[in-house]
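Visitor: Got a structure for you, written out below as structure tokens; questions coming shortly.
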Amino acid sequence: MNRKHAIYCAFLAVFAGAAITAACSAPDPGEVTFSTNPAKLKDGGIRIDSGPGGGDEGGTTGPVTAFTGAPGYQSGSGPSTDRDEHMARFGSQNPAGQSCLDCHGKGGDAGTTFTIGGTVYGADGGGLGNVEVRVKEPDNTSIATYTNAEGNFFYLAAVGEPVEAGALCGVRNSDTNVQTMPDPLASPPGDGSCNKGGTCHGGTQGHIHLP
């Protein structure tokens, strides 16, 4: 083999190697990637790629709930909700079981506006403290708060900030004692009033319970 022929063969070898490398770097045609909005992916979902906020982490496999991608449970307690104004309206300072956003929603007559508000009950029928309440929005951001000693919880809103239709909701007081809503919220935006009547937890759904 002369020198010119040897150089030509070496060139072909390098070129062929580059072509193989380029081909191998392409996606496997048999690979399927799921990147799905969790609000539209009910129990039995395969994969989500989570976005910012709420401590969520991407690429979680399994049923998608409000706690998918969330950090482990840490005990916490919300502030007291005992108010003289509640006594005048409900006959008790404790507003447990009341539809919070009737007063604390956009356009309500309370001094504070909530995104969500409600009550979690224990097995004895009383309010349950130290419960984490988490809502995962359709854009994969999450909000989380805790119940106080009477089982009441709320999350202070930006002005008129609603919970979006399609949000996933759940409560827990450990990593294993968890209750989640099986379906996303189907109501119009603004329905963060968990104790509301009708089909909410002040109506046909019954109170939020743990366990």
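FYI, it's all coordinate maths here, none of it is from the lab. Note that the structure is predicted; figures quoted are calculated from it, not measured. Here the Cβ is made from the backbone with ideal geometry for all residues, glycine too, and neighbour counts use every protein chain on show.
Visitor: Ordered by packing density, taken as the mean number of other Cβ atoms within 10 Å over each peptide's residues, highest first, how do 135-145, 121-131 rank?
Guide: 135-145, 121-131
Visitor: Additional query: Expressed in nm to one decimal, what extension gain is obtained for the pair Thr204 and Ala110 from 0.36 nm per residue of sequence separation less their Cα-Cα distance?
Guide: My answer for the length gained is 31.2 nm.
Visitor: Computed over the Cα atoms of region 59-211, what is the convex hull's projected area averaged over all directions, in nm²?
Guide: Approximately 8.9 nm², given one-decimal rounding.
Visitor: Near Glu85, within a Cβ-to-Cβ distance under 14 Å, what is the net charge of the other residues, with Lys and Arg +1 and Asp and Glu -1?
Guide: Numbers: positive: Arg83, Arg89; negative: Asp82, Asp84, Asp102, Asp109.
Around Glu85, the surrounding residues sum to -2.
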